[in-house]
Structures are given as C-alpha cells and as structure tokens.
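*Asks:* Attaching a single structure in structure tokens format; questions to follow.
The numbers here are math on the coordinates, done by the rules we state, and not lab data. Keep in mind that this is a model prediction, so the values were computed, not measured. Here the Cβ is made from the backbone with ideal geometry for all residues, glycine too, and neighbour counts use every protein chain on show.
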Amino acid sequence: MKNTPAFFPATFIKRYKRFFADVLDQQGNLLTLHCPNTGSMKNCLVEGSPCWYSLSDNPKRKLPGTLEIVTTSHGALAGVNTSRPNHLAREVIEAGLVPQLQGYDQLRTEVRYGEEKSRIDLLLGTADSDLGLCYIEVKNVTLDMGEGLAMFPDSVTSRGTKHLRELMAMVAAGHRAVLFFCVQLSGVERVEVATDIDPVYAATMIQAIVAGVEVIAWRAILTPEEIRLEGPVSCLQDLPMPVL
C-alpha cells in the first residue's frame, strides 16, 4: 500500500490525552498530531526518536496531521495508525496471497454480527455453499519486545476479549473464524500473547483456539513511501495449550 497522502519525517516528542502527539518537523516547528491508537503504545513512545506523519486537506479536521510511524525502544519501526491494518489485510487477501484464505470471491467490511453487537472487520463469502462464511477480526500489533518478538495486546483489552467470544460463537454456528494479526513492526519473527498484561485475554485466546478459531500473523514492511504486508510469521508458539 503506497503511503497516500505522503509521509513526512519528524522527531517524536510525546503522546498525551491518548489521541494527541507532539513532534518537531524538519524545520524545528512543534506540531500537534492526531494519534489514532487506543492502546498504551508501550515501547513506542521514545522521546527524540525518528517518526513520520501524514497531512490531510480536510478543512473539518481540527488536527490536520496524523502520526503514522514511530521508532520503538528496540530501534524497530512501528505503524501506529490503527485505521491501516484492515486495508493491509484486505490487500493481501484480495490478491490471493494468504493460502488459508483463498477460494472466496466475496468480501465485505464492517458487517454487524454476533450477540454482543460487534462489527466484523472482514467477512469472506462465496457462491459455493460448502465453503460457507469466514469471519476475520484484524488486530494491529506494535508491542516490540526485542530480538524479533512482538506481543499483543499492549494494554488490557476487554474489547479484544469480546471479539474472541464472538469468533468462537461463529465457529459454533458452523462458520470459519480467523484472528488476523497485522504486525506493523519491522524485524519481527514471532508473535505471542502478552499474558502478563492481560491474563483474561490470554485465557480466552486459549479457549478460542481450542474452539476452532484460526490465528494468522503477517509482518509488514514499513518505509516512508510504502506500508505493505510481506509474509507470515509464527505466532502463539509459547501459548500454554491444554492437552486434549
């Protein structure tokens, strides 16, 4: 996915009030940007580190700039704009690059579903009734633990736990359900669940996998010119699965 609008380099200063971030542009001007990320952004808030932002020409926006990429405490690049992962996942799925998700000819987004009033990120379907529906929940991963390890979540996520319950319900109803980790983090080799941050989410993840929810993780390439998913990485290898 080519970065449109273009990204501009800056120096990260701080994030505050969750959705605000201050940076210094190349001319030394202090800019306040929109920070589209509801997580803690743990290990992504390094004062004085390189970052990149985009600008909008929408006159209705209070903050025309958006924080897009930051540098983690381990020196990796992290894509912190959580509006991008759905588009990145859709791009590789529609291109037929994800083997587990081939064979579908219909794709819908933000479809209401479930008993807990959720919206599924991507819903795959086909005229072939034997293949059925495939519900895909996309999660952005930016928690850099160093040495090629990324973790999710970076803060307690009751919403993420709810989504796992909804996916389990879809499997019980006879459909496929997939949790797709969009790893917007350079240099990642594997993804694990941050049990110490959210033990409830980790326990629910185990239940979901046992129930038949599939888990896929793809790593992104991040540059000032382009962000795209390049291929799969191993995930949840260290999750203590029960012996059945």
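*Asks:* Tell me what the chain gives for mean residue ellipticity at 222 nm when only DSSP H runs of n ≥ 4 count, each as -39,500 (n - 2.57), the sum divided by the residue total, rounded to 500 deg cm²/dmol.
*Replies:* -5000 deg cm²/dmol
*Asks:* Between Thr38 and Ser73, how many nm apart are label points set 7 Å from Cα along the C-beta direction?
*Replies:* For Thr38 paired with Ser73, the spin-label model returns 2.5 nm.
*Asks:* Run the numbers for Leu30 and Thr223: contour at 0.36 nm per residue of separation, minus the present Cα-Cα distance, in nm.
*Replies:* The span from Leu30 to Thr223 would gain 67.2 nm if fully extended.
*Asks:* Could you pull out the GluC sites (Glu not before Pro) across the stretch 166-201 that fall in loop regions by DSSP (anything but H, G, I, E, B) with no more than 12 other Cβ atoms inside 10 Å?
*Replies:* Values: sites: Glu166, Glu189, Glu192; in loops: Glu189.
Within the stretch 166-201, the qualifying GluC sites (Glu not before Pro) (loop, at most 12 other Cβ atoms within 10 Å) are Glu189.
*Asks:* Enumerate by residue number the trypsin sites (Lys or Arg not before Pro) in the stretch 24-61 meeting two conditions: DSSP loop (anything except H, G, I, E, B), and at most 14 other Cβ atoms within 10 Å of the site's Cβ.
*Replies:* Lys60, Arg61
*Asks:* Next up: Taking the simple approach of a point 7 Å from Cα along Cα-to-Cβ for both Arg18 and Leu107, what is their distance in nm?
*Replies:* With each label placed 7 Å out from Cα toward Cβ, I get 3.0 nm.
*Asks:* The stretch 81-146: which GluC sites (Glu not before Pro) are DSSP loop and have at most 12 other beta-carbon atoms within 10 angstrom? Write out the running numbers ahead of the final one.
*Replies:* Details: sites: Glu91, Glu94, Glu110, Glu115, Glu116, Glu137; in loops: Glu115, Glu116.
Listed in order of number, the matching sites are Glu115, Glu116.
*Asks:* Here's something else I'd like to know. Using 0.36 nm per residue, how much length does the chain from Ser155 to Val171 gain when fully extended, once their Cα-Cα distance is taken away?
*Replies:* Stretched fully, the Ser155-Val171 segment lengthens by 3.1 nm.
*Asks:* State the Cα centre-to-centre distance between the stretch 76-115 and the stretch 19-56 in whole Å.
*Replies:* 26 Å
*Asks:* Can you give the extra length, in nm with one decimal, that the chain gains between Glu189 and Ala95 once fully stretched, where that is 0.36 nm per residue apart less the Cα-Cα distance?
*Replies:* 31.5 nm
*Asks:* Under a Cβ-Cβ cut-off of 15 Å, what is the net charge of the residues other than Gly39 that fall near it, where Lys and Arg count +1 and Asp and Glu count -1?
*Replies:* Values: positive: Arg15, Lys17, Arg18, Lys42, Arg84, Lys139, Arg159; negative: Asp144, Asp154, Asp198.
Net charge around Gly39: +4.
*Asks:* I've got another one for you. Given a Förster distance of 41 Å, report the FRET efficiency between Glu116 and Ser49 from their Cβ-Cβ distance, rounded to the nearest 0.05.
*Replies:* With R0 = 41 Å, the Cβ-Cβ based efficiency is 0.60.
*Asks:* How much net charge surrounds Ser49 when only other residues with a Cβ under 15 Å from its Cβ are counted (Lys, Arg +1; Asp, Glu -1)?
*Replies:* So the surrounding residues net to -2.
*Asks:* Something else now. Which of Val98, Val183, Val138 moves most in a GNM of the chain, Cα contacts under 10 Å?
*Replies:* The residue that fluctuates most here is Val98.
*Asks:* So, one more: Given Lys17/Lys60; Lys2/Lys117; Lys17/Lys42; Lys62/Lys162, which pairs have Cα atoms separated by over 24 Å?
*Replies:* Where the Cα-Cα span goes over 24 Å, the pairs concerned are Lys2/Lys117; Lys62/Lys162.
*Asks:* Residue-wise, which Karplus ³J(HN,Hα) couplings in Hz belong to the stretch 214-228, taking 6.51 cos²θ - 1.76 cosθ + 1.60, θ = phi - 60°, and x for glycine or proline?
*Replies:* 8, 10, 10, 10, 10, 9, 9, 9, 10, 9, x, 9, 7, 10, 8
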